[in-house]
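First the structure, in the form of structure tokens, and then the observations on it.
The values are calculated or read from the model by the stated rules, or taken from the named source; none is laboratory data. Computed from a prediction, not measured in an experiment: that's the story for all the values here. Here the Cβ is made from the backbone with ideal geometry for all residues, glycine too, and neighbour counts use every protein chain on show.
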Amino acid sequence: MKAFKTIITLFILTFAISNVQAGKPTDKDGNFIGNGYPSGPHYNLNIHGKNDSFNCPDPTYYLQVDGLGDLVKECPDGYTCSLSNVEYYGNVINLPRDGSDVQIYMESGRKGPKSQPDASTLEVTDWCTKPFDDDAASFRLPANADGYAVFSRVTGRPVEDQYFEVFGRDLTVVEIDCQEGDTNCPIGGTYDLLLLGVVNEDGTFTKVGNGDGNFERVDTNDGRGGKGVKNATDITGMFEFSGQVCYVYADDPACTDNGCDAADYCCPVDESTSEFNGACLPKESDTFWNSDLQTQDCSVQDGTPEGTLWIDQTFYCHEYTDSWIFNIADFVEVLFHARNNDTYNIKLRFYPLPLQDSKTKP
């Protein structure tokens, strides 16, 4: 039984992060031939275009090996298994091919995804967009201190007017774990930097492919009349952030690692609960000028809106340039906006940085 458990553990660890080197043709320098992906460990995300008759699959669950308790996808020979209540998350997202606007949530952070901080592999937690279910698709990615390099490739048969386009993104969650013993932290153990209004909601969004956000299926310069599949494209810029983020604590990891500059703000708090209830604003503005005292004064806005006190708050700000967006806070969630017109397969690979054995075909 111990030997069986060891085999299962090794299987799970091996499955958690793919190493693409085995079985791939290489040139004399060890470079992969023909597809443009880096070599080395990575996580795969597959996006499939479906027609309007597609039915979204039901959730799948691990099997539990009777008498052992191990969770497996397939029952091993010589054992009996029972269906567990532990859901198995794959790596496939399904969206329509009709060119309609859809949304895909992605969550991660310095401490991992909020819904599962200990996640050890990429997990698609909602595998269908509208109209195949009622909401956006979603997936989560394990934390990595250095972020990821991301490459994409479109495969499947080419058709006229085919495109897959990511045309925008929005930050929906940017949260920091409260310091131990902080009595001013909102209930739940985190504070929301978007609520405080001290982070740019979008940052700089880098489009990919031909400059308009399209992922391209064919390589028009391949000498094959546009029939060849285009090599993988570096799309890391879609997942990077450029802009200023201000933190509540001077010893936030973002400040201790990168350095922050102090900035004075005025923040609205609920008079009865003393919790933040709106966006903080820079103190050095006309809004907080006290003409009687000839000074900046947060309290001149007390009672606006009703039941609100405006208090002084010093934040600690860092300017990010092309940084992995999920490392700007402990928990970050990004909503990507996309359209798919007759594209069948989009393959994304997330490579933990620094790259290991990161040779690519020039």
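For Phe151, the criteria (1) under 28 Å from Val199 (Cβ atoms); (2) in a strand (DSSP E or B); (3) modelled with pLDDT under 95; (4) out of contact with any Pro (no Cβ under 8 Å at 6 or more places or on another chain) hold in every case but one, which is (4).
Looking only at residues that are touching a Ser or Thr at 6+ places or on another chain (Cβ under 7 Å) and of a type outside the set (A, V, I, L, M, F, W, C) in segment 157-183, which one is surrounded by the most Cβ atoms within 10 Å (Cβ to Cβ)?
Quick first cut of segment 157-183, residues touching a Ser or Thr at 6+ places or on another chain (Cβ under 7 Å) only: 162-164, 175-178.
Now narrow it down to the ones that are of a type outside the set (A, V, I, L, M, F, W, C): 162-163, 175, 177.
Values: Gln162: 20, Tyr163: 19, Glu175: 22, Asp177: 18.
In this case the residue turns out to be Glu175.
Quick check: is even one residue across segment 71-90 among the hydrophobic types (A, V, I, L, M, F, W, C), part of a loop (DSSP other than H, G, I, E, B) and more than 30 Å from the chain's Cα centre (by Cα)? Show your work before the answer.
Residues of segment 71-90 among the hydrophobic types (A, V, I, L, M, F, W, C): 71-72, 75, 81, 83, 86.
Next, only the ones that are part of a loop (DSSP other than H, G, I, E, B) stay: 75.
Now restrict to residues that are more than 30 Å from the chain's Cα centre (by Cα): 75.
Within segment 71-90 (the criterion being among the hydrophobic types (A, V, I, L, M, F, W, C), part of a loop (DSSP other than H, G, I, E, B) and more than 30 Å from the chain's Cα centre (by Cα)), the answer is yes, since at least one residue qualifies.
When segment 247-263 is limited to residues that are among the hydrophobic types (A, V, I, L, M, F, W, C) and modelled with pLDDT of 95 or more, the one that is surrounded by the fewest Cβ atoms within 10 Å (Cβ to Cβ) turns out to be Ala262. Residues in segment 268-279 that are farther than 9 Å from Thr308 by Cα and either touching a Gly at 6+ places or on another chain (Cβ under 8 Å) or free of Cβ contacts under 8 Å to residues at least 12 places away in the same chain (or both): 3 in all.
Among the criteria (1) over 30 Å from Tyr88 (Cβ atoms); (2) modelled with pLDDT under 90; (3) part of a strand (DSSP E or B), the one Pro186 does not fulfil is (3).
The residues of segment 69-124 that are of a type in the set (Lys, Arg) and in contact (Cβ under 8 Å) with a residue 60 or more places away in the chain, listed by number, are Arg97, Arg110, Lys111, Lys114. Taking the numbered list (1) closer than 30 Å to Ser115 by Cβ; (2) surrounded by fewer than 20 Cβ atoms within 10 Å (Cβ to Cβ); (3) in contact with a Phe, Trp or Tyr (Cβ under 9 Å, 6 or more places away or on another chain); (4) among the polar types (S, T, N, Q) in turn, Asn340 passes all entries but (2).
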